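Q: My questions all concern the structure below.
The values are calculated or read from the model by the stated rules, or taken from the named source; none is laboratory data. Just so we're clear, the structure is a prediction, and the values are computed from it rather than from any experiment. Virtual Cβ from ideal backbone geometry, glycine too; neighbours counted across all protein chains shown. Just the protein is used for accessible areas: all its heavy atoms, side chains included, with ligands, DNA and RNA removed. Shrake-Rupley method; radii C 1.70, N 1.55, O 1.52, S 1.80 Å.
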Amino acid sequence: MKISKTKHFVYVTLLAAMAIAINLLETMLTVSLPFGMRLGLANIIALITIEILGIQEMIVVNTMRVVIGNLLRGTIFGSTFWISAGGVILSSIVLIIIKKGLKMSMISTSMLCAIGHSVGQVVIVMVLYKTAAMMTIVPLLLVTSIPTGIFTGIVATQALKRIDKNLIVR
């Protein structure tokens, strides 16, 4: 059974709204963490989206999260926007590669996506500020990406167990 275009659009929009809200909330709550580190809670929505709706929808949700989230924060097209976009693009690429060709657990997938997100952000910072000095922070970001990736993977796994997949058919 295939869902209507309207119902599909509603699911994508609701997931995007959740990702944006979580992203904004996390931005407000993580001001005290060093180097702008965050838990990456909005990535839970990306993991859920790709599982229940697919790759294209995950790309839409992630794009909306970055664009609308930065627009609402007043940082659209500033350095924060590009750094966020770099992280989301690389983590999305990692997620697509895993989804298309590798059989991995949600936790392992989430961990690799978190690492991809951190590396993507560092690359953008290095390009924007024309400095390789940011490479010195990569080990710290990798060490923090692993537990945050595990956490978001666990939450996404638990959320997916509670979603009635009979209601959502691609």
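Q: Examine the range 137-146 for a residue that is within 22 Å of Ile59 (Cβ to Cβ) and either touching a residue at least 40 places away in the same chain (Cβ under 8 Å) or not charged (D, E, K, R) (or both), and state whether such a residue exists. Break it down into steps so the answer makes sense when it comes.
A: First pass over the range 137-146, keeping only residues within 22 Å of Ile59 (Cβ to Cβ): 145.
Next cut, either touching a residue at least 40 places away in the same chain (Cβ under 8 Å) or not charged (D, E, K, R) (or both) only: 145.
Yes.
Q: Pairs please, first residue from the range 61-87 and surrounded by fewer than 16 Cβ atoms within 10 Å (Cβ to Cβ), second anywhere and polar (S, T, N, Q), Cβ atoms under 7 Å, 6+ apart in sequence or on different chains.
A: Final answer for the pair search is Ile76/Asn70.
Q: Next question, about the same structure. Out of all the residues in the range 111-126, is one or more open to solvent by 60 Å² or more (accessible area, probe 1.4 Å) and in contact (Cβ under 8 Å) with a residue 40 or more places away in the chain?
A: Quick first cut of the range 111-126, residues open to solvent by 60 Å² or more (accessible area, probe 1.4 Å) only: 112, 123.
Right, trim to in contact (Cβ under 8 Å) with a residue 40 or more places away in the chain and you get none.
There is no residue in the range 111-126 that is open to solvent by 60 Å² or more (accessible area, probe 1.4 Å) and in contact (Cβ under 8 Å) with a residue 40 or more places away in the chain.
Q: Given the options Leu90, Leu24, Leu53, Leu95, name the one that is touching a residue at least 12 places away in the same chain (Cβ under 8 Å), over 24 Å from Pro139 (Cβ atoms) and crowded, with 19+ Cβ neighbours inside 10 Å. Break it down stepwise before answering.
A: On the way: Leu90 fails: over 24 Å from Pro139 (Cβ atoms); Leu24 fails: crowded, with 19+ Cβ neighbours inside 10 Å; Leu95 fails: over 24 Å from Pro139 (Cβ atoms).
It is Leu53.
Q: Related question: Would you mind finding the one in Lys103, Lys99 that is charged (D, E, K, R), at pLDDT 90 or above and farther than 15 Å from Gly86 by Cβ? Please lay out each step first, then the result.
A: Values: Lys103 fails: at pLDDT 90 or above.
Criteria check complete, one pass: Lys99.
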